[in-house]
Amino acid sequence: MSKTYDTIPPRAVAFIGLGVMGYPMAGHLARAGHRVSVYNRSAAKAQAWVAEHGGASAPTPAAAAAGAELVFCCVGNDDDLRAVTLGEAGAFAGMAPGAIFVDHTTASAEVARELHATAAARGLPFVDAPVSGGQAGAVNGVLTVMCGGDEAPFEAMKPVAMAFARAVTRIGDSGAGQLAKMVNQIAIAGLVQGLAEAIAFGQHAGLDMPRVLDVIGKGAAQSWQMDNRGKTMVEGKFDFGFAVDWMRKDLGLVLDEGRRNGARLPVTALVDQFYAELQALGGQRWDTSSLIKRLR
Ligand SMILES: NC(=O)c1ccc[n+]([C@@H]2O[C@H](COP(=O)([O-])OP(=O)(O)OC[C@H]3O[C@@H](n4cnc5c(N)ncnc54)[C@H](OP(=O)(O)O)[C@@H]3O)[C@@H](O)[C@H]2O)c1
């Protein structure tokens, strides 16, 4: 898919964390015409990115962030986010007052609020902006971005982030983006288990499952998971996609938050344990649709 970019004035931006998601997201920023400075912990990925897209690579998050109007980030978890933002080499130390930090990591609402406050003390707006849409969404520049933070920095980052997104939406104050992502993961967890049970049932019954999915995918059972994962679940292919380890991290964030806010999450807690079983089977990097493996 080739993405068409809105014409906006080119900006000086930084991108920290060139993983499965960050590498293509930063690539869209470069293709949209922005001047991109990148940082990645393993320098080889940053060198490969610069060789492909131009721009510059820096030895620390602080050095990448120096001179950037917007600093984007997509690392693993809360601790990784603290590691790239705080301290002498962290991004906050390199940013000029008024520069905006946009975090695309799926992390806790608590760390978002903590870093929002730390950044504010330095005159730096912080927007939590987790994404949905997976690796394909990042590669094709069609991610959905859910944001928490103040309105003015959100309005400033939105047209730039549209380079790798189809929707960038402010949900509410700091932490609200991460909470919305948790809603997303709760909705997916139970659905994938239901889909796994449906496909395994059909296979036990001896049905032609590609045909069944084709039919029921046009009715009320249709879902993104059925459209994008049904065929590979039938075939038993899981060596791609959104890793079980990442889902367990996300469901851990969800269950912690549920304990705080009193929400009841019985199915989510159960599916989290099913994913723990998959990890024990060696499925840490399998796609989350591998839940069906437990049923065969
Ligand atoms: N993959 C998906 O489908 C997907 C979808 C939606 C949301 N997400 C979320 O997006 C985030 C990134 O996912 P991903 O799939 O891109 O992960 P990934 O491929 O493992 O990349 C993680 C990136 O963070 C860097 N990093 C991790 N810990 C660090 C630390 N302590 N200091 C500095 N850099 C560090 C890694 O650097 P190195 O290269 O040196 O390891 C790498 O660039 C996660 O929060 C994930 O839950 C992922």
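Please treat every number below as a calculation from the coordinates, not as lab data. If you're wondering where the values come from, they're calculated on a predicted model, not measured in any experiment. Positions of Cβ are backbone-derived with ideal geometry, glycine not excepted, and every protein chain shown enters the neighbour counts.
Here are the numbers:
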item	result
Ranked list, fewest to most other Cβ atoms within 10 Å of each Cβ, for Asp128, Asp287, Asp208	Asp208, Asp287, Asp128
Prolate/oblate/rounded label for region 54-103 (Cα gyration tensor, a/c 1.5)	rounded
Volume in Å³ per residue [convex hull over Cα atoms, computed for region 180-295]	102 Å³
Cα-based helix-to-principal-axis angle, 109-121 vs the chain, degrees rounded to 10	10 degrees
Cα-based radius of gyration of region 232-286 once divided by 2.2 N^0.38 Å, which approximates compact folds	1.26
Long-range amide H partners of Ala167 with built H, under 5 Å	Val145
Descending semi-axes in whole angstrom, ellipsoid equivalent of region 12-173, from the Cα gyration tensor	20, 18, 14
Pairs of lysine residues in the chain - Cα separation under 21 Å, sequence separation of 8 or more or cross-chain	7
Region 12-173: relative contact order as a whole-number percent, Cα under 8 Å and 6+ apart	20 percent
Counting DSSP beta bridges with both ends in the chain, the antiparallel % (nearest 5)	15 percent
Net charge over other residues, Cβ less than 13 angstrom from the Cβ of Arg170 (K, R count +1; D, E count -1)	-4
Most mobile of Ala63, Ala205, Ala12 in a GNM of the chain (Cα contacts under 10 Å)	Ala205
For the chain, calculated [θ]222 nm from helices alone, where every DSSP H run of n ≥ 4 adds -39500 (n - 2.57)	-15500 deg cm²/dmol
Whole-angstrom gap from region 93-141 to region 233-296, using each part's C-alpha centre	25 Å
Net charge contributed by nearby residues that have their C-beta within less than 14 Å of Ala91 (K/R +1, D/E -1)	-1
Sorted by Cβ neighbour density within 10 Å, fewest at the top, the residues Val267, Val139, Val75, Val127	Val267, Val139, Val75, Val127
Likely footprinting exposure, Ser132, Ser37, Ser290, fewest C-beta neighbours within 10 Å first	Ser132, Ser37, Ser290
Against the rule of thumb 2.2 N^0.38 Å, how large the Cα Rg of the chain comes out	1.04
Counted charge near Tyr23, where neighbours are those whose Cβ lies closer than 14 Å (Asp, Glu -1; Lys, Arg +1)	+2
